[in-house]
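The values are calculated or read from the model by the stated rules, or taken from the named source; none is laboratory data. None of these values were measured; they are calculated from a predicted model. So basically every Cβ, Gly included, is an ideal-geometry build from the backbone, and we count neighbours across all protein chains shown.
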Amino acid sequence: MGKEVVYLPLGSSWRTQLYVDELAKAALVYGLKARMINISFPLSADSFDSSRGQFNALILLDYVGRLKRDDNLYMGVTAVDIFVPEMNFIFGIADRDRGCAVLSVARLIYAQYESSSSILKERVLKEAAHELGHLRGLRHCHNRHCLMSYSNNLAEVDEKKPSLCQECRSRLS
Ligand SMILES: [Zn+2]
Ligand SMILES: [Zn+2]
């Protein structure tokens, strides 16, 4: 396994660049360095589902897999809303075998009325670290405060701490 997490902005990059510090912290949870690529990669037209008005996460995940150049972990970061066919939306998706993932900040920063940007940034940190956990072989955790707890909404994201529980930590090789 590589020693680094490579973050690729998918689509317009200005919004994802705002979270570069949080993305670095997410990698640090696993003792990994992080690098944000400074150019943005265009979203392919075939990844947009016009009937849903959302982007297909599986197609974006495959896209990141094809952009991957080495055995580091690759995560596409996007501000567009993403989905998988059986769900209304997802925060992120990971393919452990290929070592790549996609994270969308769209729903994490959805609540515009929230004045504190620190809570928004912490959500990005937590969900990026969650997907990295899958890439490191972790499954969902029953502990609602653990990073690997599955979140279906923002309240559940906010309930998590930006760290792994003891059990998940011990599962990391
Ligand atoms: Zn998950
Ligand atoms: Zn856990």
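A few notes on this one:
- Flag for HIS145 being at pLDDT 95 or above and more than 13 Å from ligand 1 (Cβ to nearest atom): yes
- One residue from CYS141, CYS168, CYS146 being farther than 28 Å from GLY53 by Cβ and assigned to a helix (DSSP H, G or I): CYS168
- Residue among ALA26, ALA106, ALA45, ALA79 that is free of Cβ contacts under 8 Å to residues at least 60 places away in the same chain and within 20 Å of LYS126 (Cβ to Cβ): ALA106
- Scanning the range 79-88 for residues that are within 14 Å of ligand 1 (Cβ to nearest atom) and within 22 Å of GLU22 (Cβ to Cβ) yields a single hit, ILE82.
- The range 102-130 - residue that is among the charged types (D, E, K, R) and buried (at least 22 other Cβ atoms within 10 Å of the Cβ) and, of those, modelled with the lowest pLDDT: ARG123
- In the range 127-152, the residues that are acidic (Asp, Glu) reach residues that are near ligand 1 (Cβ under 9 Å from one of its atoms) with C-beta atoms within less than 7 angstrom, at least six apart or across chains, in these pairs: GLU127/PHE91; GLU127/GLY92; GLU131/GLY92; GLU131/ALA94.
- Restricting attention to the range 128-143, the residues being within 15 Å of ligand 2 (Cβ to nearest atom) and under 20 Å from MET87 (Cβ atoms) number 7.
- Note on the range 1-45: residues that are farther than 14 Å from SER104 by Cβ and among the aromatic types (Phe, Trp, Tyr) amount to 3.
- Sole exception among (1) in contact with a strand residue (DSSP E or B) (Cβ under 6 Å, 6 or more places away or on another chain); (2) farther than 16 Å from GLU4 by Cβ; (3) within 16 Å of ligand 1 (Cβ to nearest atom) for LEU135, by number: (2)
- Pairing each residue of the range 157-173 that is in contact (Cβ under 8 Å) with a residue 24 or more places away in the chain and closer than 25 Å to SER118 by Cα with any residue that is of a type in the set (S, T, N, Q) and near ligand 2 (Cβ under 10 Å from one of its atoms), provided the two are 6+ apart or on different chains, yields C-beta distances under 7 Å for LYS160/SER149; CYS165/ASN143.
- Count of the range 151-162 residues which are part of a loop (DSSP other than H, G, I, E, B), surrounded by 14 or more Cβ atoms within 10 Å (Cβ to Cβ) and either among the aromatic types (Phe, Trp, Tyr) or more than 11 Å from ligand 1 (Cβ to nearest atom) (or both): 3
- Filtering the range 154-173 to residues that are closer than 19 Å to LEU32 by Cα and among the hydrophobic types (A, V, I, L, M, F, W, C) leaves LEU164, CYS165, CYS168, LEU172.
- Listed conditions (1) in contact (Cβ under 8 Å) with a residue 60 or more places away in the chain; (2) crowded, with 17+ Cβ neighbours inside 10 Å; (3) more than 16 Å from ligand 1 (Cβ to nearest atom) are all met by GLY99, apart from (3).
- For the range 130-163, a tally of residues being in contact with a Ser or Thr (Cβ under 9 Å, 6 or more places away or on another chain) and among the hydrophobic types (A, V, I, L, M, F, W, C) returns 4.
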